[in-house]
1. Could you tell me which numbered condition Ala2 fails, if it satisfies all but one of (1) at pLDDT below 50; (2) outside any loop (DSSP other than H, G, I, E, B); (3) under 19 Å from Met177 (Cβ atoms)?
2. Tell me the residue from Val249, Val219, Val232, Val244 that is closer than 26 Å to Gln200 by Cβ, touching a residue at least 24 places away in the same chain (Cβ under 8 Å) and part of a helix (DSSP H, G or I), please.
3. Here is a check on your reading of the model: is Ala193 assigned to a loop (DSSP other than H, G, I, E, B), modelled with pLDDT of 95 or more, touching an Asp or Glu at 6+ places or on another chain (Cβ under 8 Å) and open to solvent by less than 50 Å² (accessible area, probe 1.4 Å)?
4. Every residue in segment 176-185 that is surrounded by 15 or more Cβ atoms within 10 Å (Cβ to Cβ) and part of a helix (DSSP H, G or I), please.
5. Output the residues belonging to segment 212-246 that are among the small types (Gly, Ala, Ser) and open to solvent by less than 50 Å² (accessible area, probe 1.4 Å).
6. Counting just the residues of segment 49-66 that are assigned to a helix (DSSP H, G or I) and touching a Leu at 6+ places or on another chain (Cβ under 7 Å), which one comes out most open to solvent (accessible area, probe 1.4 Å)?
Amino acid sequence: MAAAVALAAGALGGGGAAAQAGGGGHKAKPTVVLVHGAFADSSGWNGVVSRLARDGYPVVSAANPLRGVASDAAQVKALLDSIKGPIVLVGHSYGGMVISKAAAGDKDVKALVYVAAFAPLAGESAGDLAAKFPGSTLAETLKPVALPGGQTDLYVDPAKFHQQFAADVPARDAALMAVAQRPITAAALDEKASGPQAWQATKSYFLVAGADKNIPPAVQYFEAKRAKAAAVRSVKGGSHAVFVSQPGVTAAFIEKAARS
């Protein structure tokens, strides 16, 4: 997969396409930046990207390195800094850890959208939040791979991927996702968030996956309440891969944030 997929000319840089999409006399639409989480890749957003682009939004689907919160956030921040004009920043799962750090203090980021995602305070890790309420069965599905230098990559066992990660995605598609999944380091899941988090100063929106087996829905509701979210929507029966199974719902929710 390419490091970043831009749909609409000028999504990176001048913002000309955004102005065209808005039409004469209309306010330019913000660029939507999508950040995937662990065990996924940028292509998972394809259904969302196609809908946003159809509706005239410049879109960038970022490749999240999944190596560590601070280092991943630095890469996403560099991408944000390359975009002119307002931004709606969207994070799925661990991607929520990344956007919370990357957008802190960024005045161009007008809204944050958390899709079945983590929204930490300083001192909290993804692992801490996932364990805050019962219900996550992720740990028992993980397969570790030792890396040179002492790090460990984590994958979801492909045989368990469908039920654990994407139960409401057709089995054939989930099988492809299992093969294409990108691993995350164990250290990244254990890394504590540091410093101010973007949701503490920027309007946030939470799309809750109602049947999430990775991040319990109770965690997602807790985060939304703590963040005083501008809007919360629950997808009944939605798996952790709700952005894949429900791209229309996800895109509509992102557009709601973009219009605010």
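1. (2)
2. Details: Val249 fails: closer than 26 Å to Gln200 by Cβ; Val232 fails: part of a helix (DSSP H, G or I); Val244 fails: closer than 26 Å to Gln200 by Cβ.
Sole residue among the options that is closer than 26 Å to Gln200 by Cβ, touching a residue at least 24 places away in the same chain (Cβ under 8 Å) and part of a helix (DSSP H, G or I): Val219.
3. It is true that Ala193 is assigned to a loop (DSSP other than H, G, I, E, B), modelled with pLDDT of 95 or more, touching an Asp or Glu at 6+ places or on another chain (Cβ under 8 Å) and open to solvent by less than 50 Å² (accessible area, probe 1.4 Å).
4. To start, the set of residues in segment 176-185 that are surrounded by 15 or more Cβ atoms within 10 Å (Cβ to Cβ) comprises 177-178, 181-185.
Matches in segment 176-185: Met177, Ala178.
5. Ala218, Ala224, Ala227, Ala229, Ala231, Gly237, Gly238, Ser239, Ala241, Ser245
6. Once the filter is applied, the top-ranked residue is Ala53.
The values are calculated or read from the model by the stated rules, or taken from the named source; none is laboratory data. Everything quoted here is computed from the prediction, not taken from an experiment. We place every Cβ from the backbone using ideal geometry, glycine too, and count neighbours over all the protein chains shown. Ligands, DNA and RNA are excluded from the accessible area calculation, which covers all protein heavy atoms including side chains. Shrake-Rupley method; radii C 1.70, N 1.55, O 1.52, S 1.80 Å.
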